[in-house]
Each structure stands twice: as C-alpha cells, then as structure tokens.
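Any read-out appearing in this document is the output of simple, stated calculations on the displayed coordinates, not a laboratory observation. Predicted model only: the values in this text are computed from it and were never measured. Positions of Cβ are generated from backbone atoms using ideal geometry, with glycine treated the same way; all protein chains shown enter the neighbour counts.
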Amino acid sequence: MNDLGRIEDLPAEYRAALAKQNLVPLWPSLRALLPAGQPRPATRATHWSYQALRPLLLRAGELTPIEKAERRVLVLANPGHGLEKMQASAAMYLGMQLLLPGEWAPAHRHTPNAVRMIVEGDGAYTTVGGEKCPMSRGDLVLTPTGLWHEHGHDGSAPVVWLDVLDLPLVYYMEASYHVEGERQAVQPRRGDRLYTRPGLVPTPGFDRTSNPYPMLRYPWANTRAALEALAAEDPSSEEVEVTYVNPETGADVQNILGYRALMLRPGEALRLPVRSPAAVFHLIEGAAEARIGSQNFTLAESDTCCAPGYTPVTLVNRSGATPAFFFVADETPLHRKLGVFEQRQ
Ligand SMILES: [Fe+2]
C-alpha cells in the first residue's frame, strides 16, 4: 500500500483557494477514513469501578438537589472519545443515576431509546407510557423512543441504576430532542405479568397487540432463573446466554442497541467471538475478570467495562464456587440493520 500525498504537500495558496470554495482534498484523509483490514476505533477498553464511583454519585446527591439536576447522573465516559463527548462507544451512552428516597424525576419523552439496569436499592419505580415498573437489583426496564417516562422513589435508601442509551448515535444523526410532560396517570396493565409462560402471548378477541414495546420490565428473578436452567440443561454448553426480546416478535427489544444476560459457571472462562459492534459488560453478581484486547480488568460486583468492536474479549469467573452474571449491551441490532455486522474467528 503506497503512501498518499499529505495536506502539507499542497501549496498554501491552493489549500486556501479550496477552503474558500468549501472544498477538501480527499487523498490526505483517505487512509484514516478507510483503514486497511479493520477499523481503528476511538472507543478504548475502559473499566468503571462501582466502588470508586459510588461515593462520588452519593456526593452528587448532597451537592445537587434533584430539581437542579432533573436526572442526577454521572456519565461513564470513554476517554478514547474525549470525556466531554460523554459516550461509551460510537453508539452507546452509559450513566449511573441516583434517586434518593422521596425524590421524583419529572416526566419527559425523547427520541433516543433508553434502558435501566438496576444496580442497588429498592422502592424506586419508573412509569413508562403509564405502566409503573418497580425497580429492583438486576431488573431491566425499557424506556423506548417516544414513550413518556418518569422516576419516583417510595423506599428508604438510595437507588442507583445504570442507564444505557443510543444517545451518541441519535445525536450524531441530529435527531435528538426531548419534550417535557405532566405526571402520568398509572394504568394497571403490567407487561411482565402478561408474558409469563414461553410460547404463549395474550390474544384478547383473537387479536395480537400492535404495540411495538409490549413488555417494558424484565425482572432479574426471571432472567437469572432462565440462565440457571440453561446451564443445568446442558452442562457442556460453552455460552450460557439469553437475549432480551420482544415477546410478540422475538426481535431485539429496541431498534438500535441489543441487550443480553450471560452466566459464567464457577471458574469458567468464556472467549467471545470477535465481532464488529462495541459491547458493554456490567457485572450483576459475582467476581470476574474481563480481558479486552491487551487489557485485563478485575471486576467486582456492579462494575462496568466497555470493549471496542473488532476486539477479542474473554470473560473469566474468578470464583470457583459461585456463578457470575453479566448484563451485556451492544450495538449488534444497529450493525445488522446497516449490513455492517461481522464476526471473525
Ligand atoms: Fe429520559
């Protein structure tokens, strides 16, 4: 591959004449735009320790009242993109959000999709499209694009959750905005009570629902039980993993980002295939290690780490006695829809 001409090889007056006409020569940037063999992601393997961030988040609870924050969040920013960009990867935003007892984060809706993975505390809830979703550790609550949502807290101790949004992508598309709303009237319908048995969907009057988001809360007790049942059913299976899907269609729960949960048996090491999308691993339970490219991160409970795409990842359960459970968020639905998804050996 031959070296291409550089911008500084061109006469200054020529460069100035190009700029004046809003023109740019391609060849000095061609290799950076289309690197050989594989992309050069700005996303860096990064680890966020919950033990380190928790006191800083609680301090935010003292420093900034909820009325002055609306959403009291510390963003898990990837230094590879620059902290000011507030993104974990090209398409993913991560934030740790704190809600104190009695606080209320007012209703709004926005174009980016969000999910909440509850990290600690009890008694908080998110009302999404009128459906009140209780939030307990390990639960996944969806707040899809365009749906009204607000957070409240009837419990007695701080509640923390991990927000995952496709905000960087939607913002990049110049399609990001929000609308403020009134406190929602709560409806009795509960998606996680309607879809309780595999292979069965409600059909009142023989009708299937046309709601694109029929299930908004995925309780951890169900996800954990599903993983344990899979591990017991086939003790030799390499990857004990489930995907959060729309129970009506079997498709990913949201259009842009995908969500999964995986279990490592005691002492198990799992080498993941090298895939094009970036991924985020959040340890719900256990003690683990994440080997991402040449980096090794020791993960304690509630720690989060990020892996760029096209990077080998191995997850290791550091405990020989108890399983480890991960929540995984990644850009697979986006890559598949755009036709750029790749898996390499
Ligand atoms: Fe929101």
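Here are the numbers:
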{"read-out": "Ellipsoid equivalent to the stretch 102-211 - semi-axes via the Cα gyration tensor, in Å", "value": "23, 20, 15"}
{"read-out": "Of all DSSP beta bridges in the chain, antiparallel share, percent nearest 5", "value": "100 percent"}
{"read-out": "Debye equation applied to the C-alpha atoms of the stretch 119-181, log10 I(q)/I(0) at 0.14, 0.18 Å⁻¹", "value": "-0.48, -0.73"}
{"read-out": "Pairwise FRET efficiency - Asn211 versus Ser236, Cβ, R0 = 30 Å, nearest 0.05", "value": "0.15"}
{"read-out": "Long-range amide H partners of Glu120 with built H, under 5 Å", "value": "Val160"}
{"read-out": "Convex hull volume per residue in cubic angstrom - Cα atoms of the stretch 158-268", "value": "199 Å³"}
{"read-out": "Cα-based radius of gyration of the chain once divided by 2.2 N^0.38 Å, which approximates compact folds", "value": "1.09"}
{"read-out": "Proximal lysines relative to Lys85, as straight alpha-carbon distance under 23 Å, when same-chain residues fewer than 8 apart are discounted", "value": "Lys68"}
{"read-out": "Where only alpha carbons of the stretch 1-97 are counted, the Rg and the Dmax (Å)", "value": "21.3, 58"}
{"read-out": "Selection of trypsin sites (Lys or Arg not before Pro), the stretch 207-311, meeting DSSP coil and at most 15 other Cβ within 10 Å", "value": "Arg208"}
{"read-out": "Amide H within-cut-off set for Cys133, under 5 Å, with H built and near neighbours excluded", "value": "Thr126, Thr127, Val128"}
{"read-out": "Angle in degrees between helix 50-63 and the longest Cα principal axis of the chain, rounded to the nearest 10", "value": "80 degrees"}
{"read-out": "FRET efficiency for Ala225 and Tyr177, using Cβ-Cβ distance with R0 set to 41 Å, rounded to 0.05", "value": "0.55"}
{"read-out": "Rounded if a/c under 1.5, otherwise prolate or oblate - the stretch 219-279, Cα gyration tensor axes", "value": "oblate"}
